[in-house]
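Down below is the structure, laid out as structure tokens.
The values are calculated or read from the model by the stated rules, or taken from the named source; none is laboratory data. What you see is a predicted model; the values in this text were computed from it and never measured. FYI the Cβ positions are ideal-geometry reconstructions off the backbone, even for glycines, and counts take in every protein chain you see. Heads up: the accessible areas ignore ligands, DNA and RNA and are worked out on the full protein's heavy atoms, side chains in. Shrake-Rupley method; radii C 1.70, N 1.55, O 1.52, S 1.80 Å.
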Amino acid sequence: MNTPLPEHAVDLNEWTQLKPAFDELAAAPLTASTCEAWLADWTRVAYLVYEAFARINVATTINTEDASAKKRLFHFLEHIIPQAQAADQVLKSKLLATGLEPAGFDIPLRNLRAEVEIFRTENLPLMTEEGKLGNQFDEIKGAQSVVWEGHEIPLPQLNPHLQSPDRPTRERAWRLGQSRNLKDRDALNGLWKEFLSLRVQMARNAGFADYRAYRWKLLKRFDYSPADSEAFQSAIEQVVVPAVSRLNARHKADLAITSLRPWDANQHVYIDSRARPPLKPFTDVSVLDARAATIFTAVDPALGAHYNTMRREGLLDLPSRKGKAPGGYCTAFPVAQRPFIFMNAVGLHIDVDTLLHEGGHAFHVFESAGLKSHLLQDVPMEFAEVASMAMEMLASPYLAHERGGFYSPADAARARFEHLDGMLRFWPYMAVVDAFQHWVYTHADAAPDPAACDAMWSGLYQRFHPDVDVSGIESEIANGWHQKLHIFQAPFYYIEYGLAQLGAAQIWRNAKHDQAGAVAAYRRALALGGSAPLPALFAAAGAKFAFDPATLGELVGLMEREMDDLRAAGG
Ligand SMILES: [Zn+2]
């Protein structure tokens with residue numbers, strides 16, 4: 001490419017610095033002999049845009065009061081991203097139009113063809129409309145507050161009370177939260193109808209019989225079908241639901257209760273039947289940082305070296321601080337071939353989990369840095385979360401002090417028990433969310449009727465949580481779908497976590513027999529980025545991309561036995 005580009009991503013501030021490069025790529029002859037160089041040039045431009053945007057996002061989250069970063073962000077969002085996307089689209093069409101099939105690009109070409117196939121100009125304003133509805137959903141949810149012991153608090157701040165060892169406190173917090181949610185019923189039901197009619201229209205515009213078929217292609221789900229998802233739901237019903245019932249039976253005995261209510265056990269928060277105070281892994285964040293380095297090195301020296309590179313190069317922002325955005329994430333700087341981890345550690349066990357999880361995403365960035373095109377870096381979510389969830393599991397044997405971690409042996413056992421408990425409880429809830437949406441988008445006549453949705457959600461909830469006593473709280477339970485953001489804002493996007501969890505559990509199983517072999521396979525799979533289909537990515541990691549009760553059941557059995565051992569060890 002002759003056009004000069006800014007040397008560093010941080011120097012990219014105006015569309016005029018990019019436009020000549022995109023223009024040159026759009027005009028350049030594209031043939032079998034020039035294709036490789038053309039793709040490499042495109043990748044240089046794409047990486048530059050990606051990294052510049054990622055760095056601006058980092059700047060705005062590490063200091064939300066940084067006015068100049070915010071200004072740059074808005075400028076980028078308005079004056080660079082849309083232009084770059086449109087220019088990118090031109091290059092995608094250009095590549096497809098040549099009919100060239102460069103070696104190793106089967107997956108990106110498959111994805112590009114699908115994008116072109118379902119793209120409709122008339123859907124663009126509908127997508128904008130959908131985004132606005134999403135904002136309205138956020139506004140309604142963001143405005144929810146309750147009065148708890150004389151203080152007005154936002155709804156999420158009820159969470160610690162939902163975890164209280166005191167049962168009446170949990171019940172009071174649960175009921176208070178639900179009663180607040182019920183007040184927004186009409187508003188959310190109104191939004192729901194608008195969401196549905198937009199989605200039905202988008203699918204119709206693109207020539208699909210129903211929204212599910214359209215969305216399937218939009219989410220690039222080429223490696224599994226709606227029938228596979230339904231098979232996964234029944235596998236969960238067959239092998240996970242009974243396992244959770246066994247957990248619940250023990251939990252009930254521990255809590256000395258005869259009827260299990262939603263405030264006694266759920267997939268969101270762990271309720272410790274022994275009323276122990278929260279785990280305290282560290283007080284100083286430098287301890288979190290140093291022990292994480294030890295743990296990653298124990299999992300694999302090369303991964304430990306990656307993490308130490310991040311420490312050395314200032315690619316970690318771990319402690320909670322005034323002026324930081326909430327949450328945690330891992331992003332990539334593809335020009336520098338480096339990840340960046342952001343989080344808000346305060347000294348809780350969840351901070352350890354978050355760093356191990358984001359560490360897995362970071363290792364994905366390191367391991368796949370050798371791929372020659374940005375088009376090969378598009379990792380499907382079903383596998384991206386394997387990288388992070390598997391890292392949480394691979395690290396779990398090292399949580400005790402004596403192995404480099406944070407805890408006494410009993411506390412380490414407790415942390416691991418809670419982790420496996422959360423994984424098992426997640427699958428049935430995921431099945432409810434998934435099954436509900438399959439019903440919604442294949443019943444276009446019934447789904448706009450909130451009462452029909454309530455009835456469907458209730459039935460599914462009870463099918464997948466058969467031992468939870470819902471008497472007297474039927475309307476709160478029926479309203480559960482109003483509390484799942486994905487159902488409103490990211491339709492069908494949820495099973496990804498359940499499938500990734502199954503992949504992660506298989507890698508953990510392999511590591512129990514042969515840690516070095518399991519981690520080597522994990523790293524080989526990460527190095528593939530998005531260049532292979534899901535079954536091949538899973539296979540490279542030593543796992544099966546599967547939906548059946550046998551595969552799931554084997555792992556569930558292993559997890560239950562591990563939980564028995566951990567319980568005996570003080571967990
Ligand atoms: Zn993740």
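Descriptive notes on the structure:
- Projected area averaged over orientations for the stretch 114-173, convex hull of C-alpha atoms, nm²: 6.7
- Here the stretch 474-568 is treated as an ellipsoid with the same Cα gyration tensor; its semi-axes, largest first and in whole Å, are 29, 21, 11.
- The mean of 1/r over all pairs of different alpha-carbon atoms in the stretch 392-438, once inverted, gives a Kirkwood hydrodynamic radius of 12.1 Å.
- Calculated [222 nm] ellipticity per residue, helices only, for the chain: -20000 deg cm²/dmol; basis is -39500 (n - 2.57) per DSSP H run with n ≥ 4, divided by all residues, nearest 500.
- Cα-derived Rg over Rh, computed across the stretch 296-366 with Rh taken as Kirkwood radius: 0.96
- Spatially, the stretch 296-345 and the stretch 363-389 are offset by 16 Å when compared through their Cα centroids.
- Unit charges at the beta carbon, dipole of the chain: most positive-side option, 346, 563, 283: 283
- Cross-link pairs 132/324; 512/544; 70/322; 141/484; 19/372 - those with Cα-Cα distance over 19 Å: 132/324; 19/372
- Basic side chains Lys and Arg get +1 at the Cβ, acidic Asp and Glu get -1 at the Cβ, and with that the dipole of the stretch 410-486 about its Cα centre reaches some 300 debye.
- Karplus-derived HN-Hα couplings along the stretch 458-475 (A = 6.51, B = -1.76, C = 1.60, θ = phi - 60°), whole Hz, x at Gly and Pro: 4, x, 5, 4, 6, 5, 9, 9, x, 9, 8, 7, 10, 5, x, 10, 4, 6
- Rg in Å to one decimal, and Dmax rounded to a whole Å, for the chain via C-alpha atoms: 24.4, 75
- Calculated P(r) tail over 25 Å for the stretch 67-185, as whole % of Cα pairs: 58
- Projecting the Cα atoms of 368, 266, 234 onto the charge dipole of the chain, computed from C-beta unit charges around the Cα centre, puts 266 farthest toward the positive end.
- Of all stretches in the chain that contain no GluC sites (Glu not before Pro) in a DSSP loop with at most 10 other Cβ atoms within 10 Å, the longest one is 150-571.
- Among beta bridges identified by DSSP and lying wholly in the chain, the antiparallel ones come to about 70 percent.
- Positive end of the dipole of the stretch 110-226 (Cβ unit charges, origin at the Cα centre): among 218, 173, 135, the Cα lying farthest that way belongs to 218.
- The dipole here belongs to the chain: it is taken about the Cα centre, uses +1 on the Cβ of Lys and Arg and -1 on the Cβ of Asp and Glu, and is about 480 debye.
- Hydrodynamic estimate: the Kirkwood radius of the stretch 1-124 over Cα pairs, inserted into Stokes-Einstein at 4 °C and 1.567 mPa s, corresponds to D of 81 µm²/s.
- Surface analysis of the stretch 478-571 yields an accessible area of 32 Å² per residue, using protein heavy atoms and a 1.4 Å probe.
- P(r) weight above 27 Å for the stretch 111-238, C-alpha pairs, percent: 48
- Environment charge at residue 442 (Cβ cut-off 10 Å; Lys +1, Arg +1, Asp -1, Glu -1): 0
- Gained length - residue 23 relative to residue 90, 0.36 nm times residue gap less alpha-carbon distance: 23.1 nm
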